[in-house]
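In what follows, a structure is listed as structure tokens, so that the remarks can point back to it.
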Amino acid sequence: KSKEAGKNRYTMFDSSMEDELNRNISIIEVLRNAIDNNEIYVKYQPQYELKSNTIIGFEALMRIKSNRLGPLSPDEFIPVAEESGLIIELSHWLIKEACKFNKKLIDYGIPPKFVSVNISSVQINHPGFVESLSEILEETGLPPEYLVLEITESTLVSSITDATKLLNNLQKIGLKISLDDFGTGYSSLNYLTRMPINTLKIDKSFIDHICTSKKDAHIAELIISLAHNLQIKVVAEGVENEDQLALLREKKCDYVQGYVFAPPLHPEELEDLIKKE
Ligand code: C2E
Ligand code: MG
Ligand code: MG
Ligand code: MG
């Protein structure tokens, strides 16, 4: 009897693994053809400056909506794109799209904004990464200082052989660097002083509890003052309510990105919002 149960368990485990494998193969298939099939697009989430209550920039977020599989969450498809290497091609498409869009906004004559894009460790270690960025900037005509690369702390610390050299090269081109998901990795604080970092984004997991946990509020305050001492600006990500906003104002946080202001928007929606300002 116990043998049979064991066998059943084994079969169940096996078939769920098979399901996952099949799902991943389907996702790879979708990702491989996403550009040709128009199943990839970009949403932009505005970042507000607290001092002026105006939009200073926006983050480009990749979206996939497949005819066959429906909309896919980035938390599901980004890891598959990274493991399969398809992230290189997809991200190249997204960065170009985002630069084109920002250039168009600048050409309207509105005060220039920063567009930020997420860079994964696979990309940053890919030969030709820096060149491909230069190429996109040249093709789209976007001045480099209006493109921000969001790199997570863990990518920076663990996966780049010579991170300081790479960031210096990116800075030479004129690009800005933002440290994403700050506080979730193995923070080795000394890189903050050694590397050319323009902004850091306090991770949503801290922001979630700043109003209920004295400890998290204290951590946020410490991160902000540490950053300011190093001439680094601070973005709070995932800010959802007015109480969090008030607390972040009080702690002199520079910028806020979150549902309290706006979710990720279609390009036309963001354009309208910016033009209304
Ligand atoms: P991230 O870079 O930390 O992006 C912020 C995520 O938080 C976005 O999720 C955004 O929609 C969400 N968010 C913003 N404000 C709020 C809020 O107030 N409440 C809540 N609950 N969520 C909020 P999204 O778009 O699902 O992206 C998830 C992650 O996928 C991103 O985290 C990023 O790591 C990755 N990702 C997205 N697009 C790209 C891309 O083009 N390339 C790469 N390599 N990664 C990407
Ligand atoms: Mg990001
Ligand atoms: Mg983030
Ligand atoms: Mg995050």
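The values are calculated or read from the model by the stated rules, or taken from the named source; none is laboratory data. Here the structure is a predicted model, which is why all the values come from computation and not from measurement. Every residue, glycine among them, receives a Cβ derived from its backbone with ideal geometry; neighbour counts consider all protein chains shown.
Quick notes on this structure:
- Residue 154 more than 30 Å from residue 275 (Cα to Cα), of a type in the set (S, T, N, Q) and away from ligand 2 (no atom under 16 Å from the Cβ): no
- A residue that is surrounded by 22 or more Cβ atoms within 10 Å (Cβ to Cβ), away from ligand 2 (no atom under 16 Å from the Cβ), over 22 Å from residue 151 (Cα atoms) and in contact (Cβ under 8 Å) with a residue 12 or more places away in the chain occurs nowhere in the range 212-230.
- Residues considered: 36, 75. Of these, the only one that is within 26 Å of residue 101 (Cα to Cα), of a type in the set (D, E, K, R) and within 16 Å of ligand 3 (Cβ to nearest atom) is 75.
- Tallying residues that are of a type in the set (Ser, Thr, Tyr) and within 15 Å of the chain's Cα centre (by Cα) within the range 190-204 yields 1.
- Taking the range 63-74 as the range and being out of contact with any Lys or Arg (no Cβ under 6 Å at 6 or more places or on another chain) and either closer than 14 Å to residue 117 by Cα or in a helix (DSSP H, G or I) (or both) as the test, only 74 passes.
- Checking each residue in the range 46-62 for being in contact (Cβ under 8 Å) with a residue 60 or more places away in the chain and in a strand (DSSP E or B) picks out 46, 47, 48, 49, 54, 55, 56, 57, 58, 59, 61.
- Check on residue 161, at pLDDT below 95, assigned to a loop (DSSP other than H, G, I, E, B), touching a strand residue (DSSP E or B) at 6+ places or on another chain (Cβ under 9 Å) and not aromatic (Phe, Trp, Tyr): no
- Subset of the range 76-130 [outside any helix (DSSP H, G or I), among the small types (Gly, Ala, Ser) and within 23 Å of residue 164 (Cα to Cα)]: 116, 120, 128
- Of the residues making up the range 243-253, none is at positive phi, assigned to a loop (DSSP other than H, G, I, E, B) and in contact with a Gly (Cβ under 9 Å, 6 or more places away or on another chain).
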